[in-house]
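A short worksheet on the structure shown next.
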Amino acid sequence: MNIDFSSLTPEHVLDAVEQASGRRCTGLLRPLPSYINRVYAVELEDGGQIVAKFYRPGRWSRAALQDEHAFVTACSQEEIPVIAPLRFADGATLGEAAGIAFALFEKRGGRPIEPADPGDALWARLGALLARVHLVGARASAPSRITLAPYASTAADLDFLIDGGFLEAREAARLESFGHALLDVIAPAFEGVETIRLHGDCQHTNVLERPDTGLFLIDFDDMMNGPPVQDVWMLLPGRIEDARAELDQLLEGYEAFREFDRRSLRLVEPLRAMRMVYYLAWCARQSRDASFLQNHADWGSQAFWARELRDLEEQLAVIRETV
């Protein structure tokens with residue numbers, strides 16, 4: 001049976017929160033912004049609020065969601081500033097309502113960080129936060145999560161795009177040619193590279209700050225296994241040659257807590273290309289969703305693929321100059 005968010009009514013949300021938390025709701029709930037899941041702030045009769053996150057059906061297996069919860073919970077237990085899923089009355093962190101997996105979280109506000117000039121102390125603080133997360137990430141694996149590697153995740157994303165009928169024949173052949181060339185060029189650089197549990201989507205929009213607690217990391221939805229440098233490069237304001245001062249500050253903070261293999265910086269441009277492919281596949285998986293089409297009317301058109309293929313081929317040229 002195909003399940004989608006159309007089966008998720010406000011009554012389902014409220015019942016799920018009450019049964020899992022053991023607390024009564026007032027009946028008021030407010031949708032929160034989320035690109036892929038359904039997230040609600042739910043008001044409780046005791047005056048508090050709780051966040052209920054319903055995971056997009058078919059995106060992650062239950063085991064993959066439990067890998068995410070285990071990682072974030074382990075970080076929280078080390079007093080790393082993250083928002084861990086709350087435990088239900090039965091001790092679990094993952095429930096199901098209307099056939100859709102969900103979790104509950106404490107509601108916490110914060111303002112998105114705005115990295116300033118290279119001398120801003122924020123860069124070192126970001127590095128220290130990442131290092132602490134990676135210390136925990138290195139202690140165990142996430143067997144049901146993606147492993148970020150050329151012939152694993154990226155090859156699978158390329159196959160999904162090419163075989164899924166998202167491109168016309170000419171564009172599909174061009175993407176296939178690009179994919180073969182990319183994998184051949186970048187795969188040797190990944191040999192022997194350390195792989196640990198990562199945040200996976202460590203953009204500055206996923207780092208918030210509060211006056212009382214400082215920085216904290218949110219949204220582990222794309223958590224994966226991969227090289228530590230993946231979480232580093234996504235925070236930078238540009239390519240390494242244009243962000244050397246910021247990178248130096250970030251790594252100074254990182255290395256105060258954990259060793260960083262600076263040789264892995266050679267992976268940054270390959271990882272950027274892999275991210276571009278990953279994002280195309282991520283969008284393709286949603287491309288037949290009505291809400292996605294409303295916000296991305298041009299997605300999948302010939303003009304769209306012409307731009308994307310040009311960008312991918314230009315990135316491959318950059319990689320050939322740097323790897």
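Observations on the structure shown:
- Segments classed as strands (runs of 3 or more DSSP E), wholly inside segment 1-113, with at least 3 members that are in contact with a Cys (Cβ under 8 Å, 6 or more places away or on another chain) and not aromatic (Phe, Trp, Tyr): 38-44
- Filter result for the condition that a residue is surrounded by fewer than 16 Cβ atoms within 10 Å (Cβ to Cβ) and among the charged types (D, E, K, R), over Glu209, Glu194: Glu194
- Test: residue in segment 243-259 that is surrounded by 17 or more Cβ atoms within 10 Å (Cβ to Cβ) and under 12 Å from the mean Cα position of the chain (by Cα): no
- Residue check for Arg244: basic (Lys, Arg) and farther than 24 Å from Thr147 by Cα: yes
- When segment 7-27 is filtered for residues that are over 10 Å from Val42 (Cβ atoms) and surrounded by 16 or more Cβ atoms within 10 Å (Cβ to Cβ), the ones remaining, listed by number, are Leu8, His12, Ala20.
- Here Asp15 does not fit the description of being under 17 Å from the mean Cα position of the chain (by Cα) and in contact (Cβ under 8 Å) with a residue 60 or more places away in the chain.
- Of all residues making up segment 67-82, the number that are touching a residue at least 40 places away in the same chain (Cβ under 8 Å) and surrounded by fewer than 20 Cβ atoms within 10 Å (Cβ to Cβ): 4
- Residues (surrounded by 13 or more Cβ atoms within 10 Å (Cβ to Cβ), touching a residue at least 24 places away in the same chain (Cβ under 8 Å) and farther than 28 Å from Leu236 by Cβ) located in segment 282-304: Ser287, Gly300
- Only one of Ile113, Ile196 that is touching a strand residue (DSSP E or B) at 6+ places or on another chain (Cβ under 9 Å), β-branched (Val, Ile, Thr) and at pLDDT below 95: Ile113
- Options Leu158, Leu122, Leu182, Leu175: the member that is buried (at least 19 other Cβ atoms within 10 Å of the Cβ) and at pLDDT below 95: Leu122
- Test: Asp231 is crowded, with 20+ Cβ neighbours inside 10 Å and in contact with a Leu (Cβ under 6 Å, 6 or more places away or on another chain): yes
- Restricting the first member to segment 130-154 and to residues that are surrounded by fewer than 22 Cβ atoms within 10 Å (Cβ to Cβ), and the second to residues that are hydroxyl-bearing (Ser, Thr, Tyr), the beta-carbon pairs closer than 6 Å and six or more apart or on different chains are Ser144/Ser61; Ile146/Ser153.
- Of all the criteria given as (1) outside any loop (DSSP other than H, G, I, E, B); (2) over 16 Å from the mean Cα position of the chain (by Cα), the one not satisfied by Val133 is (2).
- In segment 43-71, the residues that are within 13 Å of Leu29 (Cα to Cα) and polar (S, T, N, Q): Gln49
- Cβ-Cβ contacts under 9 Å between residues 6 or more apart (or on different chains), taken from a first residue in segment 269-281 that is free of Cβ contacts under 8 Å to residues at least 40 places away in the same chain to a second residue that is surrounded by fewer than 18 Cβ atoms within 10 Å (Cβ to Cβ) and of a type in the set (A, V, I, L, M), are absent.
The values are calculated or read from the model by the stated rules, or taken from the named source; none is laboratory data. If you're wondering where the values come from, they're calculated on a predicted model, not measured in any experiment. Every residue, glycine among them, receives a Cβ derived from its backbone with ideal geometry; neighbour counts consider all protein chains shown.
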